[in-house]
1. Based on the alpha carbons, how large is the Rg to Rh ratio for segment 374-419 when Rh follows Kirkwood?
2. With Cβ to Cβ distances under 14 Å as the rule, what net charge do the other residues near GLY285 carry (K, R +1; D, E -1)?
3. Taking the Cα centre as origin and putting +1 on Lys and Arg beta-carbons and -1 on Asp and Glu beta-carbons, what dipole magnitude results for segment 73-175, to the nearest 20 debye?
4. Roughly how big is the chain's charge dipole about its Cα centre, with Cβ charges of +1 (Lys, Arg) and -1 (Asp, Glu), in debye to the nearest 20?
5. Mind telling me which of PHE95, PHE124, PHE254 comes out most flexible in a GNM of the chain, alpha-carbon contacts under 10 Å?
6. Fewest Cβ neighbours within 10 Å first, please rank MET242, MET259 accordingly.
7. In whole angstrom, how far apart do the alpha carbon centroids of segment 292-316 and segment 69-113 sit?
8. Among VAL119, LEU230, THR54, which residue has its Cα furthest toward the positive end of the charge dipole of the chain, with +1 on Lys/Arg Cβ and -1 on Asp/Glu Cβ?
Amino acid sequence: MTAATDTRGTIDMKDAITPLPGKLRSLLILLACEIGAMAVWFSSASVISMIKRTQSIPALDQALLTSSVQCGFVVGTVISALLSLADRYDPRRLFMASALVAAAATGLLALLPPVGTGVFLLRFLTGMCMAGVYPVGMRLAVTWAQRDMGLLIGLLVGGLTFGSASPHLLAALGGIEWRVIYAIAAGCAALSGIGILFCGLGPNMTRGSRIDFNYMAQAWRNPAIRLANLGYLGHMWELYAMWAWLAAFLAASFAAAGMARPEHYASLLTFAAVAVGAFGSIGGGWLADRCGRTTVTIAAMATSAACAVLIAFLYGFTPWLVAPVALLWGISVIADSAQFSASVAELGEPSMTGTLLTVQTCAGFLLTLASIHLVPEVVAWMGWRAGFCMLAIGPALGCVAMYRLRQRPEALRLANGKR
């Protein structure tokens, strides 16, 4: 081993090999920076609820504040995957550039009216920048993995899950001006962009030396990776639609049950249900490293599908029955998320890890646009029970995909042979 950088971009020895405290320090920095940078994404949900307290917003504009970020993320991940950005360049500098641009775009929102063409374009740009933050953060975590990849990515997803829950707590508490939320989010993203430079690169770091469109194609051509991605799509069909509509479902259910202040308690329970998923993600990662990726993903998706159906049929029942199911759903719906990313990282070549993770998240978030917008249509047509039962279809099909992956010989590469 030498300290030189080879033609494929292998990093310097001082960056690649550091003692365990260096790993812990780098992962803590990465976790803090990932959550801080993603605050610009989380801010949309908080801002919508705060603006609605003082003025009316058309339903289309409310949807565009959120979906413009999702669309931007999809476009950003496509560009990143096509150019293999996460594999060809130092991920820390890609993360930094993305976070700083997102911070500037979000900061400008505090100077504009709450909705409008300019606002939606800035949110779209923010979403594009998140393609250089979310999958790139996972790429950085993978470089440190040594028989604990599931746990490392689970920690990142757990932190982001808690961040996703924060808007519901702010909505329940109230009293904060929406421009302040944008300003705080922009500041967090800017600090994260600078802070990520203090994160070290792990010993598993390798880089591709050129653009290779075959990297992106492997996400579908490789049968094992394809099945892992299909499992992820089943998971994503349910996850973001559940997060997006659980508060509305609970408010309607609590009102039907005759509960006072249903919106307030729905916001509090939604915060708890989403936030508790952080423990599900971390626990799922710990279990997957010991029991196997397919074992944990199948169990989690089966549980979350059952919760989706059960809570649908509990609509209008006493909150004391609904709340435990919502909390269990919050844990199980995210417990498997990081394991799909860990799976493609283990099944693919190290030099294409960043591209494979980017392609996976691109496909998953593209699918969420369909499920998020489909739920209210089904609810308007057939009611909340049908709307939430529909979400169970995704994880049910995901279980089939992961079971098929489990039967393949490549599955022995997962979780150190534990499938």
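Bear in mind these aren't lab numbers, they're just calculated from the coordinates by the rules spelled out. On a predicted model such as this, the values are computed, not experimentally measured, just so you know. Positions of Cβ are generated from backbone atoms using ideal geometry, with glycine treated the same way; all protein chains shown enter the neighbour counts.
1. Details: Rg = 16.7 Å, Rh = 12.6 Å.
Taking Rh as the inverse mean 1/r over Cα pairs, Rg/Rh reads 1.32.
2. On the way: positive: ARG147, ARG290, ARG293, LYS418; negative: ASP148, ASP289, ASP336, GLU346.
With Lys, Arg at +1 and Asp, Glu at -1, the net is 0.
3. Working: 6 positive and 3 negative charges, 20 e Å.
Dipole magnitude for segment 73-175 comes out near 100 debye.
4. Details: 27 positive and 18 negative charges, 103 e Å.
Roughly 500 debye for the chain.
5. Fluctuation is largest for PHE254.
6. Numbers: MET242 28, MET259 16.
Taking fewest neighbouring Cβ atoms as first place, the list is MET259, MET242.
7. If we compute the Cα centre of each part, the gap is 33 Å.
8. Checking the options against the dipole of the chain, the answer is LEU230.
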